[in-house]
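Every read-out reported here was derived from the displayed coordinates using simple, explicitly stated rules and does not represent laboratory data. Keep in mind it's a predicted model, so treat the numbers as computed, not measured. For neighbour counting, all protein chains shown are included, and Cβ atoms are generated from backbone atoms with ideal geometry for every residue, glycine included.
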Amino acid sequence: MRRAIRHTLAAVLLATAAAAGTPVSGEPNLEGVYAAAGVNPDGSEYRGFVHLLRHGDTFLVSWIFPQTSGEAVVFVPASVGIGIVSNGVLAVSYYTARTAGVVVYRIEEDGKRLAGRWTVVDDGGAVHTETLTRLARAVPQPVEGDPPPPPRRPNLIGKNLSL
């Protein structure tokens with residue numbers, strides 16, 4: 001059973017990669033993982049990650065936020081969306097388990113920074129801010145002689161990870 005799941009997952013990943021498009025001429029490549037920093041409706045700040053994946057002329061967007069579970073940090077998918085780029089702006093409609101919204105990002109620094117304004121359906125018409133900063137594409141390699149960090153995997157058995 002596990003083997004079938006792995007093969008199915010591999011097939012989905014390959015199909016997604018094959019379906020990925022290329023940027024339109026003059027448009028920066030926005031694909032990648034971004035650090036997100038924003039302000040919630042209650043005025044508190046939040047931090048997380050946003051993954052942008054090109055799919056033809058659109059982008060599949062997912063927001064992921066860290067949560068602590070005992071001593072472990074678990075990354076929880078919070079919302080997903082689909083977006084398009086037009087005139088230096090990435091516009092994304094998204095939904096969560098409880099609401100739906102829209103975010104508009106001004107593309108800055110050739111796609112290394114996205115300055116956004118967002119709203120959700122049930123927030124009385126308020127607009128909030130979020131900034132995305134692209135993370136390095138290369139994973140840093142350990143320095144010679146540094147011991148590797150110990151593996152830490154959260155125990156997700158019995159946890160509800162659905163949106």
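Structure data summary
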| item | result |
| --- | --- |
| Kirkwood Rh, angstrom, segment 21-134 [1 / mean 1/r, Cα pairs] | 14.5 Å |
| Exposure proxy ranking, count of Cβ atoms within 10 Å, fewest first, for Tyr46, Tyr105 | Tyr46, Tyr105 |
| Gain upon complete extension [Ser69, Glu45; 0.36 nm per residue less C-alpha separation] | 6.6 nm |
| Cβ-based exposure ranking for Thr68, Thr99, in which fewest neighbours within 10 Å come first | Thr68, Thr99 |
| Relative contact order (percent, whole number), segment 21-134, Cα cutoff 8 Å, 6+ residue spacing | 22 percent |
